[in-house]
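Below you'll find the structure, written out as structure tokens, and then a few comments.
The values are calculated or read from the model by the stated rules, or taken from the named source; none is laboratory data. Note that the structure is a prediction, hence the values are computed from the model and not measured. Every residue, glycine among them, receives a Cβ derived from its backbone with ideal geometry; neighbour counts consider all protein chains shown. The area values use the complete protein model at the heavy-atom level, side chains included, leaving out ligands, DNA and RNA. Shrake-Rupley method; radii C 1.70, N 1.55, O 1.52, S 1.80 Å.
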Amino acid sequence: PAFGTTVELFEKLRVLGIDPMRYDATCPFVEKVWKRSAELGSRGYTVVIHGKHTHEETRATFSHARLAAPTLMIRDMAEAKLLSRYLRQEIPLEQFETDFTARYSADFRVDPHLKKIGVVNQTTMLATETQEIAELLKQTMAEVYGISRLSEHFADTRDTLCYATQQNQEAVYGLINSGGDFAIVVGGYNSSNTSLLVELCEQKVPTFHIEDANEILTKNSIRHLDFKSGEMRVTESWIPSKREPIQIILTAGASCPDALVDEVITKIATFLGVEDKIALVLDPYSQGLGENVQLVSIAKGAYHIEIK
């Protein structure tokens with residue numbers, strides 16, 4: 001899969017006597033993280049992975065990284081701050097196992113393996129959060145060992161961030177800052193990067209996370225995954241009733257086909273009686289916009305739609 005898979009899976013198949021036919025569809029950005037992790041290990045650095053330790057990609061990255069270096073997984077800024085306290089030796093080392101249970105490699109030892117670190121990430125995490133975590137740990141190392149010796153203890157790994165995911169996230173920042181009545185995020189309910197886009201939109205406007213256009217039941221009802229409860233729900237009167245133009249923020253997860261996004265746009269337009277105008281807007285050969293409809297593409301797959 002695009003997320004890659006673990007070394008353990010192929011070992012399990014070997015033990016079972018299974019020789020699989022293999023098609024490697026691992027994303028090159030994921031492979032780049034694996035290669036950088038191996039390079040860090042060859043230079044004596046411990047690999048710190050920013051990611052969800054239950055996610056397929058993080059498990060795969062951990063599996064490959066641990067072959068070359070002591071490896072540790074951290075989930076968020078809160079855990080990065082906790083790790084920072086260990087770097088400063090503010091917490092007894094024997095407590096580390098409790099705080100990071102099942103999230104470090106078998107050969108990992110707090111001392112000496114936290115004396116040289118490099119940060120990589122699950123490519124679908126918020127790039128800005130990875131950068132903030134790396135900066136926090138970098139500053140901590142500078143305080144502990146001094147600026148002049150920083151490069152001996154902290155490796156710069158900014159080049160491993162996935163620019164495709166980062167561009168998508170930056171486009172959403174642009175969307176929510178441009179204003180809107182509500183947001184629709186299209187993508188799988190178990191998609192990590194889609195959930196992060198929902199989280200970003202939720203900070204500004206009511207947000208509906210749907211898998212496809214089938215979740216838009218009627219002009220008055222939409223079925224969606226509720227971000228806070230994690231449960232499916234149906235929301236009534238989701239399109240505001242007002243005389244002014246309706247402004248809709250629309251974006252999608254990284255692996256969501258553009259065709260699904262177009263179907264969502266078309267279905268909303270049908271309920272609002274402007275489907276002929278939207279068809280003109282979505283026509284790649286059209287030279288003009290539909291009357292009373294404005295669709296601005298902030299970035300590939302990210303739209304701000306205004307319907308009068």
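Points worth noting:
- Checked against the criterion of being part of a helix (DSSP H, G or I) and crowded, with 20+ Cβ neighbours inside 10 Å, the candidates Met125, Met141 yield just one match: Met141.
- Cβ-Cβ under 7 Å pairs, at least 6 apart or on other chains, the range 101-115 side open to solvent by 70 Å² or more (accessible area, probe 1.4 Å), far side at pLDDT 95 or above and part of a helix (DSSP H, G or I): Lys115/His153
- Between Glu231, Glu263, the distinction of being under 27 Å from the mean Cα position of the chain (by Cα), modelled with pLDDT of 90 or more and surrounded by 15 or more Cβ atoms within 10 Å (Cβ to Cβ) belongs to Glu263 only.
To keep it simple, each residue is scored yes or no on (1) among the β-branched types (Val, Ile, Thr); (2) in contact with an Asp or Glu (Cβ under 6 Å, 6 or more places away or on another chain); (3) under 21 Å from Thr266 (Cβ atoms).
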| site | (1), (2), (3) |
| --- | --- |
| Gln131 | no, no, no |
| Val144 | yes, no, no |
| Arg149 | no, no, no |
| Leu161 | no, no, no |
| Gly179 | no, no, no |
| Ile184 | yes, no, yes |
| Asn193 | no, no, no |
| Gln203 | no, no, no |
| Ala213 | no, yes, yes |
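- Among residues of the range 217-250 being in contact with a Ser or Thr (Cβ under 9 Å, 6 or more places away or on another chain) and of a type in the set (Ser, Thr, Tyr), the one that is nearest to Thr124 (Cα to Cα) is Thr235.
- Filter result (of a type in the set (S, T, N, Q) and in contact with a Cys (Cβ under 8 Å, 6 or more places away or on another chain)) within the range 107-152: Thr123, Thr124
For (1) farther than 22 Å from Phe154 by Cβ; (2) at pLDDT below 95, each residue gets a yes or a no:
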residue: Lys32; (1), (2): no, yes
residue: Thr46; (1), (2): no, no
residue: Glu57; (1), (2): yes, yes
residue: Phe62; (1), (2): no, no
residue: Arg66; (1), (2): no, no
residue: Ala78; (1), (2): no, no
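- Of the numbered criteria (1) touching an Asp or Glu at 6+ places or on another chain (Cβ under 9 Å); (2) at pLDDT 85 or above, the one Lys277 fails is (2).
- Selection within the range 175-203 - surrounded by fewer than 20 Cβ atoms within 10 Å (Cβ to Cβ) and touching a Gly at 6+ places or on another chain (Cβ under 8 Å): Gly188
- Looking across the range 1-59 at every residue that is farther than 22 Å from Gln131 by Cβ and aromatic (Phe, Trp, Tyr), the one that is least open to solvent (accessible area, probe 1.4 Å) is identified as Phe10.
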